[in-house]
1. Step by step: first the residues of the range B:102-141, then only those that are polar (S, T, N, Q) and closer than 17 Å to B:Lys77 by Cβ, then the one that is surrounded by the fewest Cβ atoms within 10 Å (Cβ to Cβ). Which residue is that?
2. B:Val250 versus (1) surrounded by 22 or more Cβ atoms within 10 Å (Cβ to Cβ); (2) touching a Ser or Thr at 6+ places or on another chain (Cβ under 8 Å): which is the lone unmet condition?
3. Within the range A:75-83, is there a residue that is part of a helix (DSSP H, G or I) and surrounded by fewer than 18 Cβ atoms within 10 Å (Cβ to Cβ)?
4. Determine the pairs where a residue that is aromatic (Phe, Trp, Tyr), located within the range B:268-293, has a partner that is at pLDDT below 95 with Cβ atoms under 7 Å apart, the partner being 6 or more residues away or on another chain.
5. Does any residue in the range A:87-116 that is at the interface with another protein chain (Cβ under 9 Å from one of its Cβ atoms) come within less than 7 Å, Cβ to Cβ, of a residue that is part of a loop (DSSP other than H, G, I, E, B) and of a type in the set (Ser, Thr, Tyr) six or more places away or on a different chain, and which pairs are these?
6. Which members of the range B:63-108 meet the condition of being closer than 19 Å to B:Ala138 by Cβ and either of a type in the set (Phe, Trp, Tyr) or not assigned by TED's automatic domain parsing to the domain that holds B:Cys126 (or both)?
7. Please go through the range A:4-55 and pick out each residue that is within 17 Å of A:Glu163 (Cβ to Cβ) and assigned to a loop (DSSP other than H, G, I, E, B).
8. Quick check on this structure: which one of A:Gly28, A:Gly63, A:Gly40, A:Gly35 is surrounded by fewer than 17 Cβ atoms within 10 Å (Cβ to Cβ) and under 29 Å from A:Ile223 (Cβ atoms)?
Amino acid sequence: MITFDNVTKSYITGIDALTGVSLEIDRGEFVFLVGASGSGKTTFLKMLLREETPDSGTIWVAGRDIGRLPPARIPYLRRNLGCVFQDFRLLPNKTVGENVAFALEVIGRPRGVIKTQVTQVLDLVGLGQKIDRRPHELSGGEQQRVAIARAFVNRPLILLADEPTGNLDPATSSGIMKLLERINKTGTTVVMATHDVGIVDEMRRRVIQLEHGHLVRDQARGIYGEASETQSRSISSIAVGAVAGDDEYETGFVERRQVRARRGRR
Amino acid sequence: MAVSFDYVAKETMANLWRNRVMALAAVLTVAVSLSLVGTALLLRQVVNRQIGQWSSNVSLQVFMNANATPQQLNEVKVLISQEPQITSCSYLNHERSYQQARQVLAGEPTALQALTPAITPTVYRCQLQNANDAPAVASIFTGVPGVFQGHAQYPAQSIRTMQKITNILQVVLLAIAIVLLISSLVLILNAIRMAIFARRREVSVMKLVGATNWFIRIPFMLEGLVQGLIGAIVAAGIVLLSNIGVNYLVRHYLSSSTLPVSQLVVTEVVVVVIGVLVGVIGSTVAVRQFLDV
């Protein structure tokens with residue numbers, strides 16, 4: 001579903017956002033993207049949306065080399081990608097229903113379809129009753145549910161979430177995570193960038209860790225772990241995870257990654 | 001690409017309303033500048049037409065002596081009919097000649113009092129094929145018995161002066177209009193820029209969920225077009241009013257026919273087209289510069 005092949009990106013400011021990142025994410029996976037601020041998580045997500053293009057390397061999304069996508073096709077790429085952010089990004093002057101419907105309106109869906117799909121997705125996120133409320137009348141958790149509904153209403157192949165629980169308390173966060181899991185169960189690939197140790201440790205899903213633009217850990221059923229001090233431990237736990245894990249896609253890939261990480265440390 | 005008409009119309013109108021002060025400023029500037037353009041065009045048409053009428057009116061007047069005999073009149077008539085340069089000719093007898101003299105001498109009551117139909121010279125008034133030949137043709141009649149004077153009537157020097165003055169006036173009007181057009185373009189650009197800024201959240205969401213670039217752009221561009229168009233329509237109304245005024249003046253002071261409707265229509269069409277262009281160009285530039293999709 002998503003393939004990064006030796007992707008490097010640096011900004012004009014001289015910051016290397018990503019350096020030689022290669023990885024593969026399969027259809028239906030649930031992936032946590034972890035790492036300190038400035039480690040390249042956001043750049044990673046932006047590249048998937050093609051808000052940024054790599055300096056070198058190739059990115060494949062849903063079978064397409066998106067670096068070579070003509071600009072006019074970018075909107076159609078984005079229709080396959082739902083997006084959720086820490087700050088919700090709802091339109092304050094529209095109701096819940098209108099916010100969700102907006103995502104379909106602007107891609108030219110017929111009105112009848114919009115109506116049924118909006119109702120469906122709001123029921124899915126548990127806000128069917130609040131369709132006529134405005135965002136400011138909702139709690140943070142509810143607003144994020146609306147944002148998820150908007151991202152998911154078009155049934156994208158991939159849902160990208162950039163710290164979706166960053167503004168929410170733990171109880172609310174776990175509700176959001178349950179919702180994301182449910183969406184993941186429908187076959188949607190979920191990529192979630194997060195700082196939330198508790199969530200990552202509890203969910204035990206694949207963890208991809210970036211550090212100063214380098215991929216330092218790619219672990220099936222991983223935990224949040226810590227930065228470089230614990231890296232060797234992480235890497236050994238990757239190995240354990242890879243051997244013990246039933247996800248065969250990991251193994252060879254992780255070994256390659258381990259070697260590279262070790263080289264980097266010497 | 002399925003851009004629904006409903007959506008675009010709704011968005012455009014909502015934008016215009018949200019941004020109404022800026023929109024009003026833009027519309028009014030367009031209106032003022034285009035009324036100047038329209039009026040300048042109208043003025044030009046009226047003056048050109050009038051000057052054309054006057055210059056084609058170069059005519060030859062053969063003044064007979066008041067006491068010329070019928071035979072002398074007849075001989076002159078024969079001369080006229082033999083002259084190939086003369087296309088048509090009419091004879092003003094004492095009475096008609098007197099009526100015309102009264103008009104000419106309206107400002108001089110004493111001269112008018114002395115004049116009676118009997119002593120007013122009768123006139124052959126002839127049209128020439130080519131205005132430049134007038135002096136040559138006039139000379140044929142000098143010395144013919146009964147002829148008082150052969151007189152080529154040219155458009156007066158004052159017409160030339162008037163032409164120059166109106167040319168300058170036109171240039172000034174058009175210069176002001178161009179400056180105003182540029183400022184209205186900038187105002188429309190700015191209005192669209194503000195609209196884009198006001199809707200930056202919507203725009204970012206639209207980009208995120210995969211709205212096509214044109215889908216995002218069209219409401220803004222249409223907004224500029226509508227501003228230009230409304231300004232142009234107001235200007236067209238003003239031009240219509242000034243046309244009525246000009247027609248009144250033409251009828252009362254130049255006693256000639258008014259502008260044909262077709263020329264007015266052309267002027268109005270020019271005004272509307274310029275208005276739409278200003279709107280489209282202004283909003284296109286704004287969208288290209290400030291809406292990075």
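1. The qualifying residue surrounded by the fewest Cβ atoms within 10 Å (Cβ to Cβ) is B:Gln127.
2. It fails just one condition, (1).
3. The answer is yes, given that some residue of the range A:75-83 is part of a helix (DSSP H, G or I) and surrounded by fewer than 18 Cβ atoms within 10 Å (Cβ to Cβ).
4. B:Phe290/B:Arg193; B:Phe290/B:Ile196
5. From residues that are at the interface with another protein chain (Cβ under 9 Å from one of its Cβ atoms), the pairs are A:Gly108/B:Ser4.
6. Across the range B:63-108, the qualifying residues are B:Phe63, B:Tyr91.
7. Passing the criteria: A:Gly35, A:Ala36, A:Ser37, A:Gly38, A:Ser39, A:Gly40, A:Leu49, A:Glu51.
8. It is A:Gly28.
The values are calculated or read from the model by the stated rules, or taken from the named source; none is laboratory data. These figures come from a predicted structure and were not determined experimentally. Cβ sites come from the backbone with ideal geometry, for glycine too, and all protein chains shown count toward neighbours.
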